[in-house]
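One structure is given here, and the rest of the page talks about it.
The values are calculated or read from the model by the stated rules, or taken from the named source; none is laboratory data. The structure presented is a predicted model; accordingly, all values stated were derived computationally and were not measured. When we count neighbours, we look across all protein chains shown, and the Cβ atoms used for this are built from the backbone with ideal geometry, even at glycine.
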Amino acid sequence: MTAIEPVKKPALGVCYYPEHWPKEMWADDAKRIVECGIEYVRIAEFAWSRIEATRDKFNFEWLDSAIETLGAAGLKVVMCTPTATPPKWLVDEMPDMVAVDSDGNPRKWGSRRHYDFSHEEYRKECARITMVLAKRYGSDSNVVAWQTDNEYGCHDTTLSYSESARDGFRNWLAQKYQSPDALNKAWGNVFWSMEVESFNEVELPNLTVTEPNPSHVLDYRRFASDQVVAFNRIQTGILRKHSPGRDIIHNFMGRYLEFDHFDVSADLDIASWDSYPIGFLEQFGRDHAWKNWYMRAGDPDFQAFHHDLYRACGNMRGQAGNGGGRWWVMEQQPGPVNWAPYNPDPHPGMVRLWSHEAFAHGAEVVSYFRWRQAPFAQEQFHAGLNRPDNSPDRGFEEAEKTGKEISSLPNAETAQSAVALLVDYPSLWATETQPQGAGYHAINVIWEFYSTLRQLGQSVDIVSTAHNLDGYKLIVVPQLLMVSDDMIAKLDECEARIVFGPRCGSRTMSHHIPEGLAPGNLRQLIDIRVDRVESLRPGVGEAVEHVGAMWKWIEHVSTSADVTVESKMSNGRPAWMRQKNVSYVAGWPDEALCKHIMQVELEAAGVSVVETGDDLRIRDRGNLRTILNYGPKPRDASHLIAPTDKVLIGSANMDVAGVTVVQRT
Ligand code: GAL
């Protein structure tokens, strides 16, 4: 593995809300934050009403003094723009600035994120407040970085069906298609007399009698994503100019797919995300048994997937080399949360485990949400590092311990992995638009490939279609529905083995069936034709020779003489086929089949495979290997440690929430 970025000393951070506590507490808080081993403090992302109580009536005294107090204690401040919480007076001035849901209901003021990304006047207000803050704090030596807004899209706010979204969409379409005829053709509007004579006749794709045209929906999703990019760019432009030398960050979410995070990240210095493993397990975990087993730990691959995704986002200009990228965990779950259907307490040690895992994936900073649990308002049940009475909670002790441990570890460099996995947001939108089967979630197909690779001991680099693919030995492309000609050329040049999942190449950029049928232009790499597809009821599948089955989704594929069928389904149809270095999986493989395919491919690519075993996961970074026990039982990890490895933290006998770090020779 080649070292590809300068080594940065990892650090801890915390989210702090001076405006929630009496001023008399701030100095002591700052002192204790430092004592806990924390270096970064994120502030002010929801403080607009305290900064500007009514238009142009600013109060900076408290914020000046909070920043000064934190800085005097030696802390580095991450300052935020407060645009996720426009104050009441502003919403009253322009009531149509709120987003509208798909039923046509305006989202009301009274919590947060009550704005529409397309609202031009609100964008101007955001530019105004960002400018005011950037001018005031942009050169403050205590301010080292900025966070734009907070969690774009949270609470379902990317897709809005407002008038401003409609007008914006019409302009976006006019630019893209130039003439209504071109749009009619691209969308296939002749189908149900959906043709338009002017862009002003185009409506948003909600409240239609039955499903709207998928090409219309896909363009609307692209438009909505572009709105987030444009909204963010207004702030980053101002911050770059008026706060030189400071890193610009945004905090993304887990399993949030409604805008293209790679596109937004192109304007950031650092990508970050908010990691709430137990809340996410409750929301997105596989099934009841899975959720029960991991209820105090979170899904063993969910965090890793997002760490790798956001590391890739932090490398949108390829500046850190393949596999690198600047990224943080901006909010780390510190104890029970308040927002999932059930909110169990993490196993003692989990907060430490999650933190070590992030550093093992190359995080520069892990920042805990929040310093002290709030005794008022919406998140009273959400733990902090301290309880509301200021006594340290378990998260405090675990953060403190983690801080000491990470500073005792030798530096490790992020290196390019042997395996890359491709994620493409427009393909996710395209399958969501026409899933053709109740259980078809493209993101789950991606996760299952990712999780299988992890269980085979792989440290994976996630890549987008924009990233460089040189140097990988295996590239897994689970769900790339629409493949550009540039992408075909890039894949064609690749020396790696490439595995395509089902539905790859099955739509054109306009969401049509491609000429010559699926997989469209992918046929240049593997000469097959998908004649028919079917989705299956839960629990039903088609056995595959040697191992496992296809389930949920099956394709009937014809192959040319250049293609070798690697395995067949019990009905004789090809299940997995290959032409030279490229193979194609004609359905949604179950766990056993996916594992078989990945194992064969890894071995053929010359990548060493180690089965991590139940509940255990590893992540290699430089010559450090971090081993984690996500299960509710102690586990033996001796098969993951070579006799020549030097154990730096933990041991081969791993307790629940155990972390073992070894230096490999
Ligand atoms: C995040 C959000 C924080 C806080 C946290 C609670 O989504 O950014 O402000 O609400 O969730 O877990």
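Looking at Ser275, Ser225, can you tell me which residue is within 16 Å of the ligand (Cβ to nearest atom), under 27 Å from Arg42 (Cα atoms), surrounded by 19 or more Cβ atoms within 10 Å (Cβ to Cβ) and among the small types (Gly, Ala, Ser)?
Answer to the selection: Ser275.
Could you say whether any residue in region 126-140 is in contact (Cβ under 8 Å) with a residue 60 or more places away in the chain, surrounded by fewer than 22 Cβ atoms within 10 Å (Cβ to Cβ), in contact with a strand residue (DSSP E or B) (Cβ under 9 Å, 6 or more places away or on another chain) and among the polar types (S, T, N, Q)?
no
Is region 272-288 home to any residue that is within 23 Å of Arg317 (Cβ to Cβ) and at pLDDT 95 or above?
yes
Only one of (1) touching a residue at least 12 places away in the same chain (Cβ under 8 Å); (2) acidic (Asp, Glu); (3) surrounded by fewer than 19 Cβ atoms within 10 Å (Cβ to Cβ) is not met by Glu603, so which one is it?
In the conditions (1) touching a residue at least 12 places away in the same chain (Cβ under 8 Å); (2) acidic (Asp, Glu); (3) surrounded by fewer than 19 Cβ atoms within 10 Å (Cβ to Cβ), Glu603 misses (1) alone.
Could you say whether any residue in region 47-64 is surrounded by 14 or more Cβ atoms within 10 Å (Cβ to Cβ), in contact (Cβ under 8 Å) with a residue 60 or more places away in the chain, in contact with an Asp or Glu (Cβ under 9 Å, 6 or more places away or on another chain) and of a type in the set (Asp, Glu)?
no
Name the single residue, out of those in region 379-431 being small (Gly, Ala, Ser) and in a helix (DSSP H, G or I), that is nearest to the ligand (Cβ to nearest atom).
Gly395
For region 608-644, name all the residues that are buried (at least 17 other Cβ atoms within 10 Å of the Cβ) and in a loop (DSSP other than H, G, I, E, B).
Thr612, Asp615, Gly622, Tyr630, Gly631, Ala637, Ile641
When you scan region 561-584, do you find a residue that is surrounded by fewer than 17 Cβ atoms within 10 Å (Cβ to Cβ) and touching a helix residue (DSSP H, G or I) at 6+ places or on another chain (Cβ under 7 Å), even just one?
No, region 561-584 contains no residue that is surrounded by fewer than 17 Cβ atoms within 10 Å (Cβ to Cβ) and touching a helix residue (DSSP H, G or I) at 6+ places or on another chain (Cβ under 7 Å).
In region 353-360, is there at least one residue being surrounded by fewer than 21 Cβ atoms within 10 Å (Cβ to Cβ) and either more than 14 Å from the ligand (Cβ to nearest atom) or farther than 22 Å from Gln458 by Cα (or both)?
Checking region 353-360: not a single residue is surrounded by fewer than 21 Cβ atoms within 10 Å (Cβ to Cβ) and either more than 14 Å from the ligand (Cβ to nearest atom) or farther than 22 Å from Gln458 by Cα (or both).
Just checking, how many residues over region 100-130 are out of contact with any Lys or Arg (no Cβ under 9 Å at 6 or more places or on another chain) and of a type in the set (A, V, I, L, M, F, W, C)?
Matching residues across region 100-130 total 3.
Of everything in region 37-63, what is closer than 15 Å to Arg246 by Cβ and assigned to a strand (DSSP E or B)? Give them in sequence order.
Hits for region 37-63 are Tyr40, Val41, Arg42, Ile43.
Looking only at residues that are of a type in the set (Lys, Arg) and over 17 Å from Pro334 (Cβ atoms) in region 30-68, which one is nearest to the ligand (Cβ to nearest atom)?
Arg50
I'd like the residue in region 322-337 that is outside any loop (DSSP other than H, G, I, E, B) and touching a helix residue (DSSP H, G or I) at 6+ places or on another chain (Cβ under 9 Å) and, out of all such residues, is nearest to the ligand (Cβ to nearest atom).
Step by step, filter region 322-337, then rank; the result is Gln332.
Identify, please: which residue in region 91-122 is in contact with a helix residue (DSSP H, G or I) (Cβ under 6 Å, 6 or more places away or on another chain) and away from the ligand (no atom under 16 Å from the Cβ) and is, among those, nearest to Ile238 (Cα to Cα)?
This residue is Tyr122.
Does Ala66 satisfy being part of a helix (DSSP H, G or I) and in contact with a Gly (Cβ under 9 Å, 6 or more places away or on another chain)?
In short, no.
Quick test of your reading of the structure: Ile129 fulfils all but one of (1) within 17 Å of Met97 (Cβ to Cβ); (2) among the β-branched types (Val, Ile, Thr); (3) within 16 Å of the ligand (Cβ to nearest atom). Name the failing condition by number.
With respect to (1) within 17 Å of Met97 (Cβ to Cβ); (2) among the β-branched types (Val, Ile, Thr); (3) within 16 Å of the ligand (Cβ to nearest atom), Ile129 is out only on (3).
Any residue in region 496-517 that is assigned to a helix (DSSP H, G or I) and touching a residue at least 12 places away in the same chain (Cβ under 8 Å)?
Scanning region 496-517, I find no residue that is assigned to a helix (DSSP H, G or I) and touching a residue at least 12 places away in the same chain (Cβ under 8 Å), so the answer is no.
Among the residues of region 407-442 satisfying the criterion of being in contact with a helix residue (DSSP H, G or I) (Cβ under 6 Å, 6 or more places away or on another chain) and over 17 Å from Asn322 (Cα atoms), which is surrounded by the fewest Cβ atoms within 10 Å (Cβ to Cβ)?
Gln434
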